[in-house]
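Asker: This is the structure, below, for whatever I ask next.
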Amino acid sequence: MLSVAINNLIQDLKPRQKEILAGRFGLDDGEKKTLANLGEQYDITRERVRQIEEEALKIARQRLNQEKAIGEISGVIINYLRGLGGLRKDDLFVQEIKSLLKDRNLHHWHLRFLSETSSLPLYYPADSDFHNFWYLDEKTILLANRFISRLEKLISDKKEDLIFYKKFNDYFAKAAKIYNLPEPIGLNYLLISQRFGTNPFGDWGLNDWEEINPKTVREKAYLVLKKQDGPLHFRSIADTINEANFEGRPAHPQTVHNELIKDPRFILVGRGTYGLKERGFIPGTAREITSQILKKEGPLSPKKIIELISKQRLLKENTVIINLHDKKYFKKLTDGRYAVIK
């Protein structure tokens, strides 16, 4: 096991060398200690801690070259990484190597120690473009970055296609084909990108899209309604937000309702029930909706009016009929149809 092999490698160093090296790489407990922490512990300067660390690492590197077991383990790790296209996101890689080596004590810092004392694998710390990841060479990073950038360009103005028509795979396949990448490797490259992400419904897209990374209750409510075929009651919207396990605090029904009221994208279509304006729902009272329909369609029978109103509002038929009997706004024609009074 790698964790045991590393512990054996530093076992007979001088006590202070061993303790400082273990502390700097978190080999004992998985918690990396700073130069300042160790300096205070041993009442020495940070510079002296750094010197002792370098001396210990030099010895460890020399010994590692003679350790057949560690060399074999390194070969297994490198081959595994090569099979993934040459890189892997840190959290996934650590768990997979732990399982592959059947080493339950293995943690991130064991691999960091291996990387520091041997040539491979290499570690890339997170920045604005990438999450932490492990890799084999710089060419792999360049290839991954080109693929990610090309896919980003392809989808930058295709939000509707990706989120609501499930076409992400089409654009993904197009970008992967350009670089001759098998789908698993292309997906593996995508996982290291800070620019891409998934929402709780499993949709891929850019992290700066509110549909992928909704932060406010209003944004979450909008995504929930966009994913539905029809309107929802505000309590159902709150329940769906909570069941989907969005990041952040649980959504309270009244908070959701308050956000829906304030945003013109949401149209009240029944008691506490909302639909999206972009789905064709018209703002206004039942009477105003009836007027708009009659102005657009011309005189209609009560049955047809009720049919069209039902696509806009959750109303009882009697409510529609009562509105039509308001002679200030509507008139009944001799053939039984109703028209709006101009």
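Asker: Looking at (1) part of a loop (DSSP other than H, G, I, E, B); (2) within 20 Å of residue 23 (Cα to Cα); (3) in contact with a Leu (Cβ under 7 Å, 6 or more places away or on another chain), find the lone condition where residue 120 falls short.
Answerer: (2)
So that you can scan it fast, the table gives a plain yes or no per residue for (1) under 28 Å from residue 155 (Cα atoms); (2) assigned to a helix (DSSP H, G or I); (3) in the same structural domain as residue 172 (by TED's automatic domain parsing):
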residue	(1), (2), (3)
211	yes, no, no
235	no, yes, no
241	yes, yes, no
267	no, no, no
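Asker: A follow-up question, please. Could you tell me whether segment 80-99 includes any residue that is surrounded by fewer than 16 Cβ atoms within 10 Å (Cβ to Cβ), among the aliphatic types (A, V, I, L, M) and under 22 Å from residue 136 (Cα atoms)?
Answerer: No, because not a single residue in segment 80-99 is surrounded by fewer than 16 Cβ atoms within 10 Å (Cβ to Cβ), among the aliphatic types (A, V, I, L, M) and under 22 Å from residue 136 (Cα atoms).
Asker: Can you confirm whether residue 278 is in a helix (DSSP H, G or I) and modelled with pLDDT under 95?
Answerer: On the way: in a helix (DSSP H, G or I): yes; modelled with pLDDT under 95: yes.
Yes; evaluated as a whole, the condition is true for this residue.
Asker: Can I ask one more? For residue 234, are the conditions met, namely being crowded, with 18+ Cβ neighbours inside 10 Å and farther than 23 Å from residue 131 by Cβ? Give the steps one after another, and end with the answer.
Answerer: On the way: crowded, with 18+ Cβ neighbours inside 10 Å: yes; farther than 23 Å from residue 131 by Cβ: yes.
When the stated conditions are applied, residue 234 passes them.
Asker: I've got another one for you. When the residues of segment 202-226 are narrowed to those that are free of Cβ contacts under 8 Å to residues at least 24 places away in the same chain and not β-branched (Val, Ile, Thr), which ends up nearest to residue 275 (Cα to Cα)?
Answerer: Selected residue: 219.
Asker: Considering only segment 11-61, how many residues are of a type in the set (A, V, I, L, M, F, W, C), within 39 Å of the chain's Cα centre (by Cα) and either under 21 Å from residue 108 (Cα atoms) or surrounded by 13 or more Cβ atoms within 10 Å (Cβ to Cβ) (or both)? If you could, list the steps in order and put the result at the bottom.
Answerer: Taking segment 11-61 as the starting set, the residues that turn out to be of a type in the set (A, V, I, L, M, F, W, C) are 13, 20-22, 25, 27, 35-36, 38, 44, 49, 52, 56-57, 59-60.
From the residues that got through so far, the ones that are within 39 Å of the chain's Cα centre (by Cα) too are 20-22, 25, 27, 35-36, 38, 57.
From the residues that got through so far, the ones that are either under 21 Å from residue 108 (Cα atoms) or surrounded by 13 or more Cβ atoms within 10 Å (Cβ to Cβ) (or both) too are 20-22, 25, 27, 35, 38, 57.
Matching residues across segment 11-61 total 8.
Asker: Taking the options 179, 189, name whichever one is aromatic (Phe, Trp, Tyr), at pLDDT 95 or above and surrounded by fewer than 18 Cβ atoms within 10 Å (Cβ to Cβ). Before you say what the answer is, go through the steps one by one.
Answerer: Details: 189 fails: surrounded by fewer than 18 Cβ atoms within 10 Å (Cβ to Cβ).
One residue alone meets the criteria, 179.
Asker: Please give the helices (runs of 4 or more DSSP H) falling wholly within segment 134-202 in which 1 or more residues are under 16 Å from the mean Cα position of the chain (by Cα) and either of a type in the set (Ser, Thr, Tyr) or at positive phi (or both).
Answerer: Hits in segment 134-202: 183-191.
Each row is one residue, and each column tells you yes or no for (1) in a loop (DSSP other than H, G, I, E, B); (2) out of contact with any Pro (no Cβ under 6 Å at 6 or more places or on another chain); (3) not basic (Lys, Arg).
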{"site": "295", "(1), (2), (3)": "no, yes, no"}
{"site": "304", "(1), (2), (3)": "no, yes, no"}
{"site": "308", "(1), (2), (3)": "no, yes, yes"}
{"site": "314", "(1), (2), (3)": "yes, yes, yes"}
{"site": "318", "(1), (2), (3)": "no, yes, yes"}
{"site": "322", "(1), (2), (3)": "no, yes, yes"}
{"site": "331", "(1), (2), (3)": "no, yes, no"}
{"site": "335", "(1), (2), (3)": "yes, yes, yes"}
{"site": "339", "(1), (2), (3)": "no, no, yes"}
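Asker: Inspect segment 268-282 for any residue being in contact (Cβ under 8 Å) with a residue 60 or more places away in the chain and either farther than 30 Å from residue 126 by Cβ or among the small types (Gly, Ala, Ser) (or both) and give the result as yes or no.
Answerer: No: zero hits.
The values are calculated or read from the model by the stated rules, or taken from the named source; none is laboratory data. Computed from a predicted model, the values in this text were never measured in an experiment. So basically every Cβ, Gly included, is an ideal-geometry build from the backbone, and we count neighbours across all protein chains shown.
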